[in-house]
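First the structure, in the form of C-alpha cells, and then the observations on it.
The values are calculated or read from the model by the stated rules, or taken from the named source; none is laboratory data. All values reported here derive from a predicted model rather than from experimental measurement. All Cβ positions, even for glycine, are placed from backbone atoms using ideal geometry, and neighbour counts span all protein chains on display. For the accessible areas, the whole protein counts, side chains as well, though only heavy atoms, and no ligand, DNA or RNA atoms are used. Shrake-Rupley method; radii C 1.70, N 1.55, O 1.52, S 1.80 Å.
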Amino acid sequence: MKQNLSTQTSLLKIKKLFFPVLFLLIFIPGHAQEHPNLILTKNGVKIIRKELGSIPLFDTTLATTKIEVDKEIATGIHVPIPKDMAGGYTHDRHKKNWSILQKAGVLYQILQDDHYAIYIHDVLKAYAKMYPTLPLHPQTRSYARGKIFWQCLNDANWLVYVSQAYDCIYEYLTPKERDHLEKNLFIPYANFLSLESPQFFNRIHNHSTWGNVAVGMIGLVMNNEELINRALYGLKSDEIDPNAKDNDGGFIKPEGQNTGFLANLDSPFSPDGYYTEGPYYQRYAMYPFMIFGEALQNVKPELKIFEYKNGVLIKAVYALLNLTDTDGEFFPLNDGQKGMSYYSRELVSAVDIAYHFGGNDTSLLSIASKQNNVQLDDTGLAVAQGLQENKATPFLKKSIELRDGSDGSEGGVGILRSTNQLFDVVMKYTAQGLSHGHYDKLSFSYYNNGNEVLQDYGLARFVNIEQKNGGGYLRENNTWAKQSIAHNTIIQDEISHFNGQFEIGSAYHSEKYLFDISNPKLQIISAKEDNAYPNTKLHRTVVMLEDGDFDNPLLIDMIKVVSDTVHQYDIPFYYFGQLITTNFDYKTPNQLQKLGHKNGYQHLWLEGKSISKQKNTAQVTWVSKNIFYTLSSANAANSEIVLARIGASDPNFNLRRDPALLVRKSKIKKDVFIHSIESHGHYNPVTEIATKSSSNIKEIKKIVLENENYIGWSIVTRKSSNHMFILCTSDSNKDTRHTIKLKGKPIQWKGPYTYNKIKVIQ
C-alpha cells in the first residue's frame, strides 16, 4: 500500500529526530546499557516482582527493609558537614545514609514506587552540592584522610553502597540530572579515592580493596571504562605522586608490583581462600570482593570473575565459614573483634552470592537458614527459594588446614575438630598478615561448644564507640594485643617474636611440619618457626586425642626449643573462669606488681608464683561455664608457674581483666615443654553437685630417647593407662620407616609419629 504525502512527511520528521538520538545511544558512554545492571538486573527484578508474596524469607526481608527505610525517609534529608571520628554524629549519619540509599534503591526497583527514587535523588543532590566544597576531613588521624569521613576507607564504603542506589534510579533520572550528579559528585569522588589518594588506593590491603571496588562500581554504573580499568588494575606509574607515603603497613605500588582489584585477589588470598589479614578482616573485605564480583559477572561476564584464580572468591566464603566456632563466631586471629560472626551483613551477602554463582551448594542454605536474612536481589531470591523448597543440607565443619600466601607456601592455619563437633583447636603458623598481623607464631586457641577454653585476646579496640579513642584502635593494641605475651605461644627473654617489628615479621612465615587428620580420634597439627628469634628454632605440635579414658577430647601441647645460647622461656595460657585448685603451693605478693616493663609484660599483674623444687607434673584446675578444666605441665626442677592477670599499666581500663597461667623455664639452651588440657566433669548450681571435678591425669613423663631427632612422652592416667607418643621432629614423610631403641628395646613404626596405649599393671 502506498503511503500518502503527509504520512511520508511525518516519517521523515521522525527519522530526523530518531537518528541523532540513536547515535547518542550508541556512542555516548552510559547510555548503551540498561539499568539496573549491577546487583539487581532488569530480568532479575521482573522475576522478583512475579514471585512477591510466595517466598516467605524474601518477603519478610523485604518487609523489614521497607519499614526501616520508610521510617528513615520520614525524618527528612540529613547531609551534615563532616567533623566527627567513628561513633560521632556526622560519621554515623553519613554511614546510615549509605545504607538507607542502597536499600531505598532496591525498594524502588522491586515496588515500583517513585517515592524512593525521589528520596535518593534529593539526597544525592545534597551531596553533589556539598562535595565540591569539602576539604579533607578535619580529623587528622588517618594516613589517608577522607572528605565525608575521617578516613578514605569509609568514603569508599559510602560509594560502594551508593553506586548501587544510583544504578537503581539511573533510568528514572533525566540525562541532565545524571550529568549533574556525575560531574559534581561521582567522578570527583572516584578521582579523589584513586588519583588523589594513591597511598590508599594502590595497595595490597583490605582498605584498597574497598577503594578499588568503589571506583569500579561507579564506573560500571556510568559505563566509564577508564574508572573500571583503574579499579581492576590499579593506578599507572605516571599517575602516582612519587612523594606519596604509606604509614599503615601496606605499600604504594613498588616497582613490578601489581595493584588493583585483581591484584588484591592474587596476593592476599591463598589457593584455599584464606585471607592473610585474618578472618575478621576477611569478613570485612568479603562484601566488596563478592558484591563487585556479582556486578562484574552481571555487566562483564566475559571476565569470568568467579573462575579467577581457580574460583578463589567462592573458596574464600567456605574458608570463612570454616574459621568459625560452633556459634558461628570467627576465630579472632590477628586483629579481630570477638563476637563478629557469619550473621553479619557481609556474610549474608557472601553466602547468597556463593550459592547463586558457585553451583547451588545446598549446604550453604543451612547457613542462610540460621542467618534468616537474604540479599534483596537475584542471589537472595535463589537462596530463599532453595530454603522454601527444603533443599538445605547440613554444613559440616570438619578439621581443615587453610594455607597462607598467594601460592599457599607461607604456612597456614590448622583447625582440629572433635568427632562430636563441639571442641575446636586453632593453631596459627601463617605469614605476618599485613598491618593487622600479630606477633604470635605457633599460637593456638581452644573452644568447647563455642566457649573459649584458652583464648586469643583479639584486638584492643571498641569499634565505633566514640568515647574510646573515637572508635579507633587503642594504644594498647600495639603495647598489648599484638605482642607475643598476649597469646598462647612461646616467648624468649620477654621479647616478642621478630622483636615486634613489622618489617622483620613481614619477611618470614612459619612452616607447616605436619597436619594429619586421617584418624579422627588422633589428630595432629605440627609447625616450625626458625626466625622469630635469632639462632633459635621453635617447633610446636598439638594433638587432639579421643579415648575412653577421657570423657572429652584431651588436648596435648608439645613445644621443642633449640637455641645457640641460654635464654628464659615463657608459655602463657589465657583461660576463663575461676581457679579451683593447684597441686603445688604458691606465694601471692602483698602488693600488686607488674610482671615486666615492656613488650606487653607491663600489662600483666603478678598474682602468684610457684617454683618447683624437683621434676614433677604441675596441675591447675579451673571451672568455666560449669565445666572443669585441668592444665597439666611436665615440669623440670626450678620451673616456675606464674598466676597472672591482664590489666596493669592500663589507666583508662581499655583491657579486659582476664586471668592467665604462665609456665617459665630459665637458663636453658634447649628443652621440651609438654602440657595437656583436659575437660572433665560438671557443676550444677541448682543441685549444687560437682561431678568429676578432679583430673584423670596422674602425670606426664618425658621419654629420654637415644636420638635427638625424636621426642617421646607418656601421659599416665589415674585409671592406670599409659598413653605413649613418639614424634620424629626431622622427617614428616608419611612413608618413612623408623626404628629407635627405648630402654634397650627396639620400637618400629611408619610415618612421623607413633602412639600406643598401654595398660599399666600395678
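Some observations on this one:
- Within the stretch 325-344, residues that are in contact (Cβ under 8 Å) with a residue 60 or more places away in the chain reach partners that are β-branched (V, I, T) and surrounded by fewer than 21 Cβ atoms within 10 Å (Cβ to Cβ) with beta carbons closer than 6 Å, at six or more positions or on different chains, in the pairs Q337/V463.
- Here A636 meets each of (1) within 30 Å of H603 (Cβ to Cβ); (2) more than 36 Å from the chain's Cα centre (by Cα); (3) open to solvent by less than 10 Å² (accessible area, probe 1.4 Å) with one exception, condition (3).
- Given (1) modelled with pLDDT under 95; (2) farther than 20 Å from L195 by Cβ, number of the condition S142 does not satisfy: (2)
- Within the stretch 255-308, tally of residues that are in contact with a Pro (Cβ under 7 Å, 6 or more places away or on another chain) and farther than 21 Å from V351 by Cβ: 1
- Selection of the stretch 369-382 for residues being without any contact (Cβ under 8 Å) to a residue 60 or more places away in the chain and within 27 Å of Q421 (Cα to Cα) yields S369, K370, Q371.
- In the stretch 639-663, the residues that are within 28 Å of the chain's Cα centre (by Cα) and among the aliphatic types (A, V, I, L, M): I646, L655, A660, L661, L662
- Test: residue in the stretch 472-483 that is modelled with pLDDT of 95 or more and within 18 Å of I556 (Cβ to Cβ): no
- Residue in the stretch 179-190 that is among the charged types (D, E, K, R), modelled with pLDDT of 95 or more and touching a helix residue (DSSP H, G or I) at 6+ places or on another chain (Cβ under 7 Å) present: yes
- Residue satisfying all of: in the stretch 427-443; crowded, with 23+ Cβ neighbours inside 10 Å and outside any loop (DSSP other than H, G, I, E, B); nearest to the chain's Cα centre (by Cα) among these: H436
- Residue check for Q375: in a loop (DSSP other than H, G, I, E, B), open to solvent by 20 Å² or more (accessible area, probe 1.4 Å) and modelled with pLDDT under 95: no
- Checking each residue in the stretch 161-205 for being polar (S, T, N, Q), closer than 25 Å to S237 by Cα and open to solvent by less than 10 Å² (accessible area, probe 1.4 Å) picks out S194, S197, N202.
- Subset of the stretch 310-336 (residues that are under 23 Å from F502 (Cβ atoms) and either part of a helix (DSSP H, G or I) or in contact with a Gly (Cβ under 6 Å, 6 or more places away or on another chain) (or both)): P332, L333, N334, G336
- Some residue of the stretch 206-214 being open to solvent by less than 20 Å² (accessible area, probe 1.4 Å), outside any helix (DSSP H, G or I) and touching a Leu at 6+ places or on another chain (Cβ under 9 Å): no
- If you go through the stretch 58-81 and pick out every residue that is under 29 Å from P132 (Cβ atoms) and either among the acidic types (D, E) or in contact with an Asp or Glu (Cβ under 8 Å, 6 or more places away or on another chain) (or both), you end up with 2.
- Residue match in the stretch 682-689 (condition: in a strand (DSSP E or B) and open to solvent by less than 10 Å² (accessible area, probe 1.4 Å)): no
- Close contacts from the stretch 486-503, counting a first residue that is on the phi > 0 side of the Ramachandran plot and a second that is open to solvent by 10 Å² or more (accessible area, probe 1.4 Å) and outside any loop (DSSP other than H, G, I, E, B), with Cβ to Cβ under 9 Å and a gap of 6+ residues or different chains, come to D493/H567; D493/Q568; E494/Q568; F498/I504; F498/S506; G500/N478.
- When residues in the stretch 549-559 are screened for being open to solvent by 10 Å² or more (accessible area, probe 1.4 Å) and either in a strand (DSSP E or B) or of a type in the set (V, I, T) (or both), 0 of them pass.
- Here N449 passes the criteria (1) under 21 Å from I646 (Cβ atoms); (2) polar (S, T, N, Q); (3) surrounded by fewer than 23 Cβ atoms within 10 Å (Cβ to Cβ) except the one numbered (1).
- Residue in the stretch 71-86 that is modelled with pLDDT of 95 or more, assigned to a helix (DSSP H, G or I) and open to solvent by 50 Å² or more (accessible area, probe 1.4 Å) present: yes
- Across the stretch 338-372, the number of residues qualifying as in a loop (DSSP other than H, G, I, E, B), in contact with a Ser or Thr (Cβ under 9 Å, 6 or more places away or on another chain), farther than 16 Å from P56 by Cα and open to solvent by 30 Å² or more (accessible area, probe 1.4 Å) comes to 2.
- Tally of residues being part of a loop (DSSP other than H, G, I, E, B) and farther than 23 Å from G472 by Cα across the stretch 87-119: 2
- The set of residues in the stretch 74-96 that are under 33 Å from the mean Cα position of the chain (by Cα) and under 20 Å from E177 (Cα atoms) contains only V79.
- Across the stretch 693-713, the number of residues qualifying as more than 37 Å from the chain's Cα centre (by Cα) and either surrounded by fewer than 14 Cβ atoms within 10 Å (Cβ to Cβ) or without any contact (Cβ under 8 Å) to a residue 40 or more places away in the chain (or both) comes to 6.
- Any hit, the stretch 408-421, residues being crowded, with 21+ Cβ neighbours inside 10 Å, among the basic types (K, R) and farther than 17 Å from Y280 by Cβ: yes
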